[in-house]
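Chemist: One structure, pasted below without further comment.
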Amino acid sequence: MSFQSTGPRSISTKTMRIPKDIPQNITEKVRERAFLPSFSGSLTIEASLALPVFIFFAVCIVHFLLLISLQADIQIHVEEAARDIGKALYIAKDSETEALAIANPLTIKAKIMDAPLSERIDNSQVRGGSSGIHTLLSGYDSESGKLSIIVTYAYDFPYLPDGIGDLNFMQKCICRAWIGRDLCEGSGVSHADGSGKDGHTVYVTPNGTAYHTSPSCPYLDLSIEAVPADHIENMRNRSGGRYGKCSCADDHSGVYYVTGYGILYHSDLNCPSLKRTVEAVDISETEGRHICPKCAAHGD
């Protein structure tokens, strides 16, 4: 089959072409396929946009979990340092200068930052690495016996614009320094009826009238609790008794402090009645004291 040129309205090339004036037959099926929308291109565009967003959020979640793990590790080291420094403060309790040297911020940081933790922080997003860990707010109050270990640092969350991913954290542990209570593991205890013999260890307080056969006796645990002042009249201690007014109690105080087995309420946390020193002594040194009713009841 061949075509002849019909003038300027036809196109002649090396390939066979149909003249423009020849009508083309388009069936209904062809027409529908021509106007049928195609979704393959839009799905490709959506996938190209959604996949990076998904990967971004997945990476953020991973870094968030790493941050939580790092904070938990720092908190464990802070609490361990508090226990060790608290014991050291007991040894230095007679020298305020030595106590302040033990609890100064630089010593506290050195106690917290052992080699494994320092290496982990250096490889993290903590700004400045281990040098970015600060303990300047830490200290020891010799009057109240309170040891405060406060750690502050900045964390640069990755993949976020400057200013948005800059996070500042503070972790702390506040406790009282060790007061020298000795559990005397392996030592003997007296009989519940008070017929113990020499060589048995019991526990006393300087102003108490009883001795205790167990160091975990509830009467030796102060368990200080803060209660609203308007509730104090209806409060009862664990023995069922009312609380009397301590000389430190302020009539205008909004909060009072009581202990589980105490008989007085207080306004001042530093009241000597809220501090208790437990001493381990031989039962032969308890002349004039009676056995604690709770220790006798439990047969310790």
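The values are calculated or read from the model by the stated rules, or taken from the named source; none is laboratory data. All figures in this text were calculated on a predicted structure; none of them were measured in a lab. Cβ coordinates were reconstructed from backbone atoms using ideal geometry, including for glycine residues, and neighbour counts include every protein chain displayed. With ligands, DNA and RNA removed, areas are computed over all heavy atoms of the protein, side chains included. Shrake-Rupley method; radii C 1.70, N 1.55, O 1.52, S 1.80 Å.
Chemist: One residue is enough: does region 50-71 have a residue meeting the conditions polar (S, T, N, Q), within 30 Å of residue 269 (Cβ to Cβ) and out of contact with any Pro (no Cβ under 8 Å at 6 or more places or on another chain)? Please lay out each step first, then the result.
Modeler: Of all residues in region 50-71, those polar (S, T, N, Q) come to 69, 71.
This time we only want the ones that are within 30 Å of residue 269 (Cβ to Cβ), so: 71.
Keeping just the survivors that are out of contact with any Pro (no Cβ under 8 Å at 6 or more places or on another chain) gives 71.
Scanning region 50-71, I find at least one residue that is polar (S, T, N, Q), within 30 Å of residue 269 (Cβ to Cβ) and out of contact with any Pro (no Cβ under 8 Å at 6 or more places or on another chain), so the answer is yes.
Chemist: For region 103-160, what are the residues that are part of a strand (DSSP E or B) and in contact with a Ser or Thr (Cβ under 7 Å, 6 or more places away or on another chain)? Give the steps one after another, and end with the answer.
Modeler: Narrowing region 103-160 to residues part of a strand (DSSP E or B): 126, 134, 139-141, 146-156.
Within region 103-160, 134, 139, 148, 149, 150, 151 qualify.
Chemist: Would you mind telling me which numbered condition in (1) without any contact (Cβ under 8 Å) to a residue 40 or more places away in the chain; (2) open to solvent by less than 20 Å² (accessible area, probe 1.4 Å) residue 134 fails?
Modeler: (2)
Chemist: Right, another one. Working carefully through the options 108, 112, find the one that is surrounded by 17 or more Cβ atoms within 10 Å (Cβ to Cβ), of a type in the set (A, V, I, L, M) and free of Cβ contacts under 8 Å to residues at least 40 places away in the same chain. Outline the logic, then answer.
Modeler: Details: 108 fails: free of Cβ contacts under 8 Å to residues at least 40 places away in the same chain.
Only one candidate qualifies: 112.
Chemist: In region 246-276, what residues are open to solvent by less than 70 Å² (accessible area, probe 1.4 Å) and closer than 19 Å to residue 220 by Cβ?
Modeler: Scanning region 246-276 gives 257, 258, 259, 260, 261, 262, 264, 266, 271, 273, 274.
Chemist: Hey, another quick one. Which one is farthest from residue 210 (Cα to Cα), of the residues in region 241-300 that are among the β-branched types (Val, Ile, Thr), touching an Asp or Glu at 6+ places or on another chain (Cβ under 9 Å) and part of a strand (DSSP E or B)? If you could, list the steps in order and put the result at the bottom.
Modeler: Of all residues in region 241-300, those among the β-branched types (Val, Ile, Thr) come to 255, 258-259, 263, 277-278, 281, 283, 286, 291.
Restricting the remaining residues to those that are touching an Asp or Glu at 6+ places or on another chain (Cβ under 9 Å) gives 258-259, 278, 283, 291.
Add one more test, that the residue is part of a strand (DSSP E or B), and what stays is 258, 291.
Values: 258: 21, 291: 5 Å.
Of everything passing the filter in region 241-300, 258 is farthest from residue 210 (Cα to Cα).
Chemist: Counting only residues that are modelled with pLDDT of 80 or more and out of contact with any Ser or Thr (no Cβ under 7 Å at 6 or more places or on another chain), how many does region 270-280 have?
Modeler: Within region 270-280, residues that are modelled with pLDDT of 80 or more and out of contact with any Ser or Thr (no Cβ under 7 Å at 6 or more places or on another chain) number 2.
Chemist: Another one. So in region 281-300, with the set limited to residues that are surrounded by 13 or more Cβ atoms within 10 Å (Cβ to Cβ) and of a type in the set (D, E, K, R), which one is modelled with the lowest pLDDT?
Modeler: 300
Chemist: Looking at the structure I just gave you, is residue 230 farther than 19 Å from residue 203 by Cβ, without any contact (Cβ under 8 Å) to a residue 24 or more places away in the chain and not in a loop (DSSP other than H, G, I, E, B)? Full working, then the answer.
Modeler: Numbers: farther than 19 Å from residue 203 by Cβ: yes; without any contact (Cβ under 8 Å) to a residue 24 or more places away in the chain: yes; not in a loop (DSSP other than H, G, I, E, B): yes.
When the stated conditions are applied, residue 230 passes them.
Chemist: Kindly check whether there is at least one residue in region 172-195 that is at pLDDT 80 or above and open to solvent by less than 90 Å² (accessible area, probe 1.4 Å).
Modeler: Yes, region 172-195 contains at least one residue that is at pLDDT 80 or above and open to solvent by less than 90 Å² (accessible area, probe 1.4 Å).
Chemist: Right, something else. Got a number for residues in region 87-118 being within 15 Å of residue 174 (Cα to Cα) and over 19 Å from the mean Cα position of the chain (by Cα)?
Modeler: 5
Chemist: Another question about this same structure. From 156, 141, which residue is free of Cβ contacts under 8 Å to residues at least 24 places away in the same chain, open to solvent by 40 Å² or more (accessible area, probe 1.4 Å) and of a type in the set (Asp, Glu)?
Modeler: 141
Chemist: Only one of 239, 247 is free of Cβ contacts under 8 Å to residues at least 12 places away in the same chain and of a type in the set (Ser, Thr, Tyr). Can you tell me which?
Modeler: Working: 239 fails: free of Cβ contacts under 8 Å to residues at least 12 places away in the same chain.
Among 239, 247, only 247 is free of Cβ contacts under 8 Å to residues at least 12 places away in the same chain and of a type in the set (Ser, Thr, Tyr).
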